[in-house]
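All remarks here apply to the structure that follows.
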Amino acid sequence: MTENRVNSIEIDKDEFQKIGHQLIDDISDFIANIKNKPLTPNESPSQLQHILGNTHLPEKGIPAKELLTRATDLLLNHSLFNGHPKFLGYITSSASPIGALGDLLAASINPNVGAHILSPMATEIEKQTIQWLAEFIGVSTDYGGLLVSGGNMANFTAFLAARTAKSPKNIKENGLSNTSKKLTVYCSKTTHTWIEKAVILFGLGTKSIRWIQTDASNRMDNVILEKTIKKDLDNNCQPIMVIGTAGDVSTGVVDNLKGISAICKTYDLWFHIDGAYGIPAAIIPKYKDLFDGASEADSIALDPHKWLYSPLEAGCTLVKNPQHLIDTYSSHPEYYNFTTSEDEIAQNFYEYGLQNSRGFRALKVWLSLQQVGKSGYQKLINEDIELSELLFRLAKEHTELEAISQNLSITTFRYVPTKGEKDKAYLNKLNELLLNKLQTGGELFLSNAVIKEMYALRACVVNFRTTKKDIEEIIKIIIREGRKTHSEILGQKFKK
Ligand SMILES: *Cc1c(COP(=O)(O)O)cnc(C)c1O
């Protein structure tokens, strides 16, 4: 029966070429025209379900050509495009086209980058990528680590290594129930939500987080940090780690990393940096000082799918002494035969993190790093920052806009219809409605931030397609829509 096995999943060479070429043609058209397409079609879930059709799992197979044509149509015509030049929402970048090709190649070879023997060249490429990422952000290339799905996972991976290193011995065997002292962690109020998931996931509980106040410049107040650590030590707690943020998600502020590092040394704590968004800016000489102290971190999370423009997903954990990862994650079940005959020891990535089978994420990152090069990245990231500064300036100059903050490539500002409008609640309501309108309008995409109780529009430029003209047009669109929203509210007598 299976002698000359004809199966429905293989695609023969001619057919693969034909549909593959068509797909590449469609994708090239898409990339070339992305700036002329609506940023989002703004269709509701029920509209989308209708388009998709409420059918059952097909009983019989459908030809690949037909399926790819349909999938291409669905995605090219019913998606939100973060590759659009006016997409400046959250921290989601345009994706490098070479990354898309890299993913296709990676999926075709399909190495399992959990073990060296299963992925010889892919493992070496990932090792090289890790080394280059350390070089990129300006820390020692002795840092080791691995690629993960994103910033959250990168931070989790480091968090558990910190817990293993700084908790009472044998925590791996005994778990948290045998720790007589409460383990505590320290981070600023602006720290990304991953920290809450981490303390739940790794058993410390949300009460273990010491949210440290920020100073006038929105950086973690290191004086309060040290006081809080001392107080906890006096109260039978065991501090284990401090998290410094290098580019906070709302406003792009970088903590005083050097100061945090000194405190960690004094109290023997793990120093972790969440650089998911901002740390790639360290590649630019004039911003290097901002990240002073980063090279002393025990671990660093960064996110190639943000400011390195890698397609989703790609995050990265770097650890100063990679042995901490092995101490945390390595195990040797009898069903693994993963040693090699060479005398040098092969690196098995399953021993470095949480995943077992692992995809070849490194390829797309490795390709972009070389296609763009160090000087190319310096230029792109610097331009993103300049565009963000331009947006801030234009907002500042405009009588109907109020510029609020500008750090790295994040600008926050808001629409203020009449100069001196003092009704805070009204301005918040107005800007929230305005943002909703902008996000569904398909012309541009911003997100929001709440700063000192002000509801602000927030633009984060991690987009190599954005130009000066886009920024100028964005201002015009916001003014137009802001006026419209304001008069609509007045018309509806919403105001009080
Ligand atoms: C984006 C971000 C994260 C989360 O990263 P994901 O890739 O979305 O999982 C964590 N911390 C900071 C500072 C971020 O900007």
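The values are calculated or read from the model by the stated rules, or taken from the named source; none is laboratory data. Being a predicted model, the structure only gives us computed values, none of them experimental. Methodologically, a virtual Cβ is constructed for each residue, glycine included, from the backbone with ideal geometry; neighbour enumeration extends over all protein chains shown. Only protein heavy atoms, including side chains, enter the accessible area calculation; ligands, DNA and RNA are left aside. Shrake-Rupley method; radii C 1.70, N 1.55, O 1.52, S 1.80 Å.
Within the set Lys127/Lys306; Lys37/Lys374; Lys207/Lys265; Lys379/Lys469, which residue pairs have Cα atoms separated by over 26 Å?
Among Lys127/Lys306; Lys37/Lys374; Lys207/Lys265; Lys379/Lys469, the Cα-Cα distance tops 26 Å for Lys37/Lys374.
Distance between Cα centroids, region 138-208 to region 1-64: provide it in whole Å.
Value for the Cα centre distance between the two parts: 40 Å.
Let me have the relative contact order for region 38-161, percent, based on Cα pairs under 8 Å that are six or more residues apart.
Averaging sequence separation for qualifying contacts and normalising by length gives 16 percent for region 38-161.
Taking a spot 7 Å from the Cα of Ser217 along the direction of its beta carbon, which residues of region 235-273 have an amide N less than 12 Å from it?
253-259
Can you tell me which aspartates and glutamates have their Cα less than 19 Å from the Cα of Lys230? Leave out same-chain residues fewer than eight positions away.
Once the sequence-local aspartates and glutamates are set aside, what remains near Lys230 is Asp221, Asp268.
Tell me which residues come under 5 Å, amide H to amide H, from His84 once H is placed; ignore anything under 5 positions away on its chain.
Long-range HN contacts for His84: none found.
In whole angstrom, how far apart do the alpha carbon centroids of region 437-462 and region 91-122 sit?
If you average the Cα positions of each part, the centres end up 33 Å apart.
Grab every C-alpha pair in region 373-495, bin the distances at 10 angstrom width from 0 up to the longest one, and report whole percents.
Bins of 10 Å from zero give 13, 46, 29, 9, 2, 0 percent of pairs.
Relative contact order, percent, of the chain when contacts are C-alpha pairs under 8 Å separated by at least 6 residues?
21 percent
Straight-line reach from Lys286: which aspartates and glutamates have Cα under 16 Å away, leaving out those fewer than 8 places along the same chain?
Glu383, Asp384, Glu386, Glu389
Considering Cα pairs under 8 angstrom that are at least six residues apart, work out the relative contact order of region 373-495 and quote it in whole percent.
Relative contact order, region 373-495: 27 percent.
Is it possible to state the helix-based mean residue ellipticity at 222 nm for the chain, with each DSSP H run of 4+ residues giving -39500 (n - 2.57), the sum divided by total residues, to the nearest 500 deg cm²/dmol? What is it?
So the calculated ellipticity at 222 nm is -14000 deg cm²/dmol.
For the chain, what does the accessible surface come to per residue with a 1.4 Å probe? Please give it in Å².
With all protein chains present, the chain gives 50 Å² per residue.
Using just the alpha carbons, could you tell me how many Å³ per residue the convex hull of the chain encloses?
Residue-normalised Cα hull volume stands at 202 Å³.
Roughly speaking, to the nearest percent, how much of the chain's 1.4 Å accessible area is carbon and sulfur?
Roughly 53 percent, rounded to a whole number.
Tell me which aspartates and glutamates have Cα within less than 13 Å of Lys18's Cα, excluding those fewer than 8 residues away on the same chain?
Cross-link targets: Asp26, Glu66.
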